[in-house]
Structures are given as structure tokens and as C-alpha cells.
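*Asks:* The structure that follows is given in the form of C-alpha cells.
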Amino acid sequence: MAEERLDHLLQKETVIYPPKEFVERANVKDYEAEYKRFLDNPEKFWAEVAEKLFWYEKWEKVLEWNYPYAKWFVGGKTNITVNALDRHVKNGKRNKVAFFWEDELGNKKVVTYGELYRLVNRFANALRAAGIKKGDRVVIYMPLVIEQIVAMLACARIGAVHSVVYAGFSVPALRHRIEDAEAKMVITADVTIRRGRAIPLKRIVDEAILDLPFVEQVVVLRRLEPKVDLIGEKEVDFYEFMDGHLDYCEPEVMDSEDPLFILYTSGSTGKPKGVLHTTGGYMVGTYYSMKTVFDLKEDDIYWCTADPGWITGHSYIVYGPLVAGATQVIAEGAPNYPDYGRWWRIIEEYGVNIFYTAPTAIRMFMRAGEEWPNKYDLSSLRLLGSVGEPINPEAWLWYYRVIGKEKCPIVDTWWQTETGSVMITTIDGLPMKPGKAGKPVPGVIADVVDKEGNPIEPNKGGFLVIRNPWPTMMRTIWKNPERYEQYWNTIPNCYTAGDVAVKDKDGYIMILGRADDVINVSGHRIGTMEVESALVSHPAVAEAAVIGKPDPVKGETIKAFVILKEGYSASDKLVEDLKYHVRMELGALAVPSEIEFVDKLPKTRSGKIMRRVLKAKELGIDPGDLSTLED
Ligand code: 6R9
């Protein structure tokens, strides 16, 4: 496609049709027919997917919907690792590659389903021997290595509930998650390696668990020589822990509704919430979307660039692809280290067919220039995916042209930690509109509505909602059912996603951004209140307010407005101190890129900070209704 034509497409609404050859071979060839099959009989639709998987005992009922609490595959008994591992090993896929792993330096590992099965079983036996039982919580704070995935699956094998914490979080953020889940065990590594540097992780765990008596044991993967010291009886080496355990561990028979994992995510209060997912529905739903949204076939090489520390890694590296029996590529470290060719070299080397990444990465590569991807043979690609934040048409078209060579459909997948799997996109065969995620996937009834839940006319902004229960929906917020119920009682009879969106006359949904006080930096959710409380915990800060500012690469960046306490004065040094403080409190991804010292913050008469007014002033736009402003 010529450059002028692209320009022209940007001026008006662009519609791009998936190649005929793709659609003819697609797992779902006709979206409308598949969607209708769902609408005609949702329970039959989901039962047919579930029947493809292994169950010790079949469910009695597909869905029990007791608004806003759902039970899926009621009475069904299974174990997700039997579907992710045993099923493949027994069906002739023992020597099929499960993972090609590499780090930034090109160190490599190849793990087959047979090997992964043995590692998981041995680790699961070791967990049981250490006294971990069904229902116990285990926190996993590890880099993107095979052992991280082994630890997650081993928990699932014995029914322990894992809570994976992204290795970029700092001491207090990790401590909060360990405390909230009352984890009996923490599994970690000495270091993660990024941009050629070893970043210590165990040291962070040491501090995070000080005086938390319920943490009985810390298992440490020791990667570097000389090996990091293990102190006291609490700490044990990852491989010594597994040593001597059998290659088979009897799986725990899990009820469909037994918890599988907790994953924390930011919301509009100062504390992240522990989103709880359960076994049966999550397994069936992620499996279905692997086959349909990602069109996964037996011989595909699939690469999702996320980290299992986020929901994308849980659903589309660990559970969905393994249950579907995929061969995957995973890569630890930065996308552009040692250079901007890294990812494209990996695609060429492994012959990646399906590639799933985030808009922030695409925009970064766009800036670096197309000479980098052009050095490599990307012709193995047949489907591209995007997730985490809205993808702007310019980035969409670059991804389509430079990476996909105009022959790969792009699935812009909208979903959330809470939804568990993809909710809106253009599945196989649907025409694509750059910048618009698409239509609800079969199984989901999505809409754009006003506060009362009435549909909004086409091309007008409103709240994005889902009107029905779906198998991978979160079941509750850990230890906070009121918080869970809020999702379902903000707008009558709907699940409120917290995003604003518009729907066009063809039913395509475009996501505009968050409706609440959540900032999306490089596809990661950061609560304004979390950053504000981190700032206020610094001795110099009296009050702080934080907003998101549009950024050409990261989507949004954080700007903080700070009122200093008496006796402190503004300086560049203090700005650096405050940034460092936030890094220590929350982690690098929450550090504001700008800090402005002010004397006053706009507030409502009841004392709430009006971030919307700050944002409008910052961006030079209309602040809207100011009637509640104090003065
Ligand atoms: C999977 C994931 C969820 C929030 C969500 C929305 C934003 C995710 C998007 C998207 C526009 C897309 N988001 N995918 N916005 N288009 N394709 O990212 O989960 O970390 O919980 O974030 O991310 O704002 O509400 P999570």
C-alpha cells in the first residue's frame, strides 16, 4: 500500500478486510454465525467448548447466575494442569515444544511438553511435602523464566492459589500483596536481567516479609554465580527443593469454582484489589479464545510478549496456550536490548506465526525506524495482536504494513484483569477498523450506555459495559466482596468496566480510555491514589494530586502536583528525591515524569481533589462543570 493511500486512509474511516486465504482457513470463518450460535443458546455454546477438555466429573449445570455472582460448570471437577500437560503428553505430544525461551544475551532453553510436565510434577510434589495444601496462597515474584511458569502450574496442580507479583514492584507493593493474601510461601529468584543488568529480587523479598510470621518458606531460584546466600531454615534453593521428588504428582481434584489465582490490579482507591479467578470457567474461556481470537493451529509458533506478572501472561502465556497445546516463544528482558532488532530477529529465528504485543512497544519501534524490522524475514507471521491500551490508527497501520506486510489481520483485543479473557476484538473474518477494537466476541454482550444503562446513540461517548455473565469473569475481590459488587451495581444490570467508549453504526466499539482515576502508562494500570499516597508518605509533602498526560509512546505519563510542608522548598534535588521515593514505594512504572510544586489544589466543597480540573488546565481544554469547586 502506497504511503499516500495510508495518509488518505487516516483522513476518513478506514476499513481493512482480512485476506481471503486467512479467512478460508480460520477456525471461525463466520463471526456472525458463531455469535448467533452463542445468542441462541449460551449454555449449549459453552458446554460444547467444555466438552473438548478433560473433567473428572462432568458439570450438572453450565451456569448458575445469582446476580452478581456466577458459578460456571456447576459441580464439574477438573484440574487445569491435567488439561495443560497430561492431556498433551498422553496424546502423542510429549516431544512437542512447549516453550522456546531466551534472555537478552541469547542464552536459550527449549522445553517440551514432556519436560514441562516432569518439572511441574516434581515441583508440585515438593510443595505438598513442604506442607502447602489446597487453598493456601503462594506469592510468586520472579522474572520471565521457565521456572516462573513451573511454579504457577505446580500451585495449580495441588490446588494452591498463586498470586504472581510483577518483578518490577518494590518492597511496600510486594509486602501489601503478601499480607493481603496471607501467603504461606514466597517463590522468587536472585535476580532478573534487564538491559544487561542484574536487578536483585531476593533482597526485595527479604525486606517485604520482615515480621510477617505467616510466610513459612521462601524458595529461591539462584541464577548467578557465586550463588546468593540463603539464610536460616526458611530459605531454600529452587532446585534443591525439587530434588528427589517423583516425576508424577497426583493432581488435586478441583471443583469448577475452586480458586485458581489472585492477581492484584489498580483501581480508584489507594490500595490495589485482588481479583480472584476460579478453575473451570477460566479454563474453558481462555481455551476458547486461544482457538478463536488467536486462531491457534496445531503447528503454530505463538509469541505473546507480556510477562506472567500481568493478566495477559496468565491467560495468554500460561493457561490459554498450554491448555490449547501451543508451542510458544518467551523472552526475558527489554524489547530493544542489545538493539532494536531483537524482537524481529526472534520472529525470524523461530518462525513466529502469531505475535501478540502492546501499542507502547509498537510506537517505540515506529520511532526507531522501519530499517530495524526490515533487516529480518518476518514472512512467517500470519496474525498480529494488540493489548493493554487503545492503539492509535497511525501505530495500527504501521504494525499492519511494516510488521504484517499487509497480509496479517490485527486483533486489537480489549479486556481486563477482571474479565480474564478477550471481550472485544475483530475475530477471524471480521473487517478491521484501525483504532476501533471491534465487536464483542461470541459469549459476550457488550454495549456503550449512559449512567442508567440505556444504550447511547452511535458515535457518542458513554460507559463500556457487559450485560451478561461469562465463564472467565472474576468471581470476587479477595476479602472485599463489596468492592466486587460495585462493578455490578454502578449501572443497573451491567458489569461496568471503568472505560469510556463509543460505538459506531456497525456496532464497532472504540475505547477512549478510563472513566475512573486510573492512568494507563505503557499498558499498565496505575491508580492516581496509589501514587498520591506514595508521595504524601515523603516527609516534605503535605498534599499531592496526580493526573495522566497523553504521551506519544507510553500512551500516558504521570504528572504530579505537590504542596510542600512548611519548611521545605522546591528544588530539582527534591524533584529527584520524590521520584526516587515513589520508585521505592511502588516501583519504576509508577514514577511521575513531571512534578510541579503548587500552593493549592482544586477541590470540591467536600474536600475531594478535582483531578479533572487539573488535567483540563494542564492540557488547555474545557474543564466542564465547575459548580462543585470550592473557590
Ligand atoms: C488485558 C489488560 C485493563 C485496561 C482496560 C482498558 C485498557 C486494555 C485495551 C485497552 C483499549 C485495548 N485496555 N486493552 N484499551 N484498547 N485493546 O490490559 O488488563 O491490565 O487489567 O488493564 O486496559 O482501559 O480497562 P489490565
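The values are calculated or read from the model by the stated rules, or taken from the named source; none is laboratory data. What you see is a predicted model, and the numbers here were worked out from it, not measured in a lab. Virtual Cβ from ideal backbone geometry, glycine too; neighbours counted across all protein chains shown. These area figures cover heavy atoms from the full protein model, side chains too; ligands, DNA and RNA do not enter into them. Shrake-Rupley method; radii C 1.70, N 1.55, O 1.52, S 1.80 Å.
*Asks:* If you take the residues in segment 578-593 that are closer than 17 Å to Glu543 by Cβ and of a type outside the set (A, V, I, L, M, F, W, C), which one is most open to solvent (accessible area, probe 1.4 Å)?
*Replies:* Across segment 578-593, the extreme among qualifying residues is Glu585.
*Asks:* Output the number of residues of segment 354-389 satisfying the condition of being among the polar types (S, T, N, Q) and either open to solvent by less than 40 Å² (accessible area, probe 1.4 Å) or under 25 Å from the mean Cα position of the chain (by Cα) (or both).
*Replies:* 4
*Asks:* For segment 204-222, give me the residue count where each residue is open to solvent by 50 Å² or more (accessible area, probe 1.4 Å) and touching a residue at least 60 places away in the same chain (Cβ under 8 Å).
*Replies:* Of the residues in that region, 1 qualify.
*Asks:* Which condition number does Tyr484 fail, the rest of (1) open to solvent by 10 Å² or more (accessible area, probe 1.4 Å); (2) not in a loop (DSSP other than H, G, I, E, B); (3) not charged (D, E, K, R) being met?
*Replies:* It is condition (1) that Tyr484 fails.
*Asks:* More than 17 Å from Ala331 (Cα to Cα) and at pLDDT 95 or above: does that describe Ala181? I'd like the intermediate steps shown before the answer.
*Replies:* Details: more than 17 Å from Ala331 (Cα to Cα): yes; at pLDDT 95 or above: yes.
When the stated conditions are applied, Ala181 passes them.
*Asks:* Could you list, ordered by first residue, the pairs with Cβ atoms under 7 Å in which the first is in segment 14-30 and among the small types (Gly, Ala, Ser) and the second is modelled with pLDDT of 95 or more and in a loop (DSSP other than H, G, I, E, B), at least 6 apart or interchain?
*Replies:* Taking only residues 6 or more apart or on different chains, the pairs are Ala26/Asp295.
*Asks:* Right, here's the next one. Determine which single condition Thr269 fails, assuming it passes every other condition in (1) within 16 Å of the ligand (Cβ to nearest atom); (2) over 30 Å from Pro18 (Cα atoms); (3) open to solvent by less than 20 Å² (accessible area, probe 1.4 Å).
*Replies:* (3)
*Asks:* Among the numbered criteria (1) touching a helix residue (DSSP H, G or I) at 6+ places or on another chain (Cβ under 8 Å); (2) among the aliphatic types (A, V, I, L, M); (3) away from the ligand (no atom under 16 Å from the Cβ); (4) closer than 22 Å to Thr269 by Cα, which single criterion is violated by Val613?
*Replies:* Evaluating Val613 over (1) touching a helix residue (DSSP H, G or I) at 6+ places or on another chain (Cβ under 8 Å); (2) among the aliphatic types (A, V, I, L, M); (3) away from the ligand (no atom under 16 Å from the Cβ); (4) closer than 22 Å to Thr269 by Cα leaves (1) as the failure.
*Asks:* Since Glu457 meets every condition but one in (1) modelled with pLDDT of 95 or more; (2) outside any helix (DSSP H, G or I), which condition does it not meet?
*Replies:* Going through (1) modelled with pLDDT of 95 or more; (2) outside any helix (DSSP H, G or I) one by one, Glu457 breaks only (1).
*Asks:* Condition (residue is within 29 Å of Pro481 (Cα to Cα), charged (D, E, K, R) and part of a strand (DSSP E or B)) applied to segment 32-46: is it met by at least one residue?
*Replies:* No, there is no match, as no residue in segment 32-46 is within 29 Å of Pro481 (Cα to Cα), charged (D, E, K, R) and part of a strand (DSSP E or B).
*Asks:* Same structure, new question: Of all residues in segment 456-495, which are farther than 22 Å from Ser289 by Cβ and free of Cβ contacts under 8 Å to residues at least 40 places away in the same chain?
*Replies:* If the condition is that a residue be farther than 22 Å from Ser289 by Cβ and free of Cβ contacts under 8 Å to residues at least 40 places away in the same chain, then Glu457, Pro481, Glu482, Gln486, Thr490 are the ones that fit.
*Asks:* Okay, moving on. Can you name the residue in segment 517-530 that is touching a residue at least 40 places away in the same chain (Cβ under 8 Å) and more than 9 Å from the ligand (Cβ to nearest atom) and, of all such residues, is surrounded by the most Cβ atoms within 10 Å (Cβ to Cβ)?
*Replies:* Applying the filter and picking the extreme gives Glu530.
*Asks:* Moving on. Restricting to segment 58-90, give me the number of residues that are more than 26 Å from the chain's Cα centre (by Cα), under 19 Å from Ile158 (Cβ atoms) and among the β-branched types (Val, Ile, Thr).
*Replies:* Residues meeting the conditions: 1.
*Asks:* Can you pull out every residue in segment 384-402 that is in a helix (DSSP H, G or I) and within 12 Å of the ligand (Cβ to nearest atom)?
*Replies:* Ala395, Trp396
*Asks:* Further, regarding this structure: Is it the case that Glu225 is at pLDDT 95 or above and open to solvent by 50 Å² or more (accessible area, probe 1.4 Å)?
*Replies:* Considered against the rule, which asks whether it is at pLDDT 95 or above and open to solvent by 50 Å² or more (accessible area, probe 1.4 Å), Glu225 comes out as no.
*Asks:* Being over 10 Å from Thr528 (Cβ atoms), out of contact with any Lys or Arg (no Cβ under 7 Å at 6 or more places or on another chain) and open to solvent by less than 40 Å² (accessible area, probe 1.4 Å) is the filter here; which residues of segment 542-562 pass it? Walk me through how you get there before you give the answer.
*Replies:* Taking segment 542-562 and keeping what is over 10 Å from Thr528 (Cβ atoms), we get 542-543, 549-557, 559, 561-562.
Right, trim to out of contact with any Lys or Arg (no Cβ under 7 Å at 6 or more places or on another chain) and you get 543, 550-551, 554-555, 561-562.
Scanning segment 542-562 gives Gly555, Phe561, Val562.
*Asks:* Right, another one. Please go through segment 228-248 and pick out each residue that is farther than 19 Å from Lys109 by Cβ and not acidic (Asp, Glu).
*Replies:* Val228, Leu230, Ile231, Gly232, Lys234, Val236, Phe241, Gly244, His245, Leu246, Tyr248
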